[in-house]
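A short write-up of the structure that comes next.
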Amino acid sequence: MSDVRIRRAEPGDVDFLVELTNNEDVEPFMSARRPRDRAALLAEIERSQAEPQEFGRFVIEVDERLAGAMGFHVENKRSRIAHLGGLAVHPDFRGGRISDEAARQFQRHLIFDLGYHRLQLEIYGFNERAMRHAERVGFVREGVRRKAYDRHGEWVDGVLYGLVREDLEA
C-alpha cells in the first residue's frame, strides 16, 4: 500500500498546482472560479500559511511524490463550518483510491485539529466520480441546486454534501 499524506502547500508546490489545475483531465471538473494561474495559486498558498485556521490549500503526497490537491475556507466562523473544494488527483495517480485516504485525513484534521463542527462541499451534477467519492468517505447528500451553474455552455446542477463531527465520532 502506498504512503498517502496531506500537508499544507508551500511556494515550491506552485508549479505542480498550476500543471494539475490546468490538466485537460482535471480542469473540466473544477469550479470555474478556481484559480489556475501561478500568481493566484501562490496567493492562495500564502494565505493558507498566514491564516491556517480560516483557509487552507493542501497537497496530497503519495510515497513523497506530489499527487493531488484540496482546500477549504471558513463558510461560517460562529458555527464552525468549513467549505471544502478543489479536490484533484493527478491522472497518473488515479485508480488507487488515494483521494479517499487523503479526504479522510483532511476531515480529521479540520474537525479534530482545527475544531470545525461541519464540513460541506458542492459537486457539479455531471461529476459522478466525485459524488461516489464523497459518499464513500462519509459525506451525506443533502440537496441539489438545480441548474445553478453555467459550465461548458450548459446549466448544471450543484449537488450539496455535508459531514458533521458526530459522523466521524461514530
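Test each condition in (1) closer than 20 Å to ALA9 by Cα; (2) open to solvent by less than 80 Å² (accessible area, probe 1.4 Å); (3) among the charged types (D, E, K, R) for ASP63 and report the one that comes out false.
It is condition (2) that ASP63 fails.
Being closer than 23 Å to ILE81 by Cβ and crowded, with 19+ Cβ neighbours inside 10 Å is the filter here, so list the residues in region 46-59 that pass it.
Correct list: SER48, GLY56, ARG57, PHE58.
Any residue in region 100-111 that is within 13 Å of ARG136 (Cα to Cα) sitting within a Cβ distance under 9 Å of a residue that is of a type in the set (Lys, Arg)? List the pairs, counting only those 6 or more apart or interchain.
The qualifying pairs are ASP100/ARG136; GLU101/ARG5; ALA102/ARG5; ALA103/ARG136.
Confirm whether VAL144 is at negative phi, β-branched (Val, Ile, Thr) and surrounded by fewer than 17 Cβ atoms within 10 Å (Cβ to Cβ).
Spelling it out, VAL144 is indeed at negative phi, β-branched (Val, Ile, Thr) and surrounded by fewer than 17 Cβ atoms within 10 Å (Cβ to Cβ).
Please enumerate the residues belonging to region 69-88 that are modelled with pLDDT under 95 and of a type in the set (Gly, Ala, Ser).
GLY85, GLY86, ALA88
If I ask for residues that are within 14 Å of the chain's Cα centre (by Cα) and open to solvent by 50 Å² or more (accessible area, probe 1.4 Å), which ones from region 111-128 would you list?
GLU122 - this is the single residue of region 111-128 that is within 14 Å of the chain's Cα centre (by Cα) and open to solvent by 50 Å² or more (accessible area, probe 1.4 Å).
From the list GLU169, GLU135, exactly one residue is at pLDDT 95 or above and open to solvent by 50 Å² or more (accessible area, probe 1.4 Å). Which is it?
From the options GLU169, GLU135, the qualifying one is GLU135.
Would you mind telling me which numbered condition in (1) open to solvent by 70 Å² or more (accessible area, probe 1.4 Å); (2) part of a helix (DSSP H, G or I) ARG33 fails?
(2)
The values are calculated or read from the model by the stated rules, or taken from the named source; none is laboratory data. Note that the structure is a prediction, hence the values are computed from the model and not measured. Counting neighbours? That spans all protein chains shown, and the Cβs are built from the backbone with ideal geometry, glycine included. Areas reflect the complete protein model, heavy atoms only, side chains present, ligands, DNA and RNA absent. Shrake-Rupley method; radii C 1.70, N 1.55, O 1.52, S 1.80 Å.
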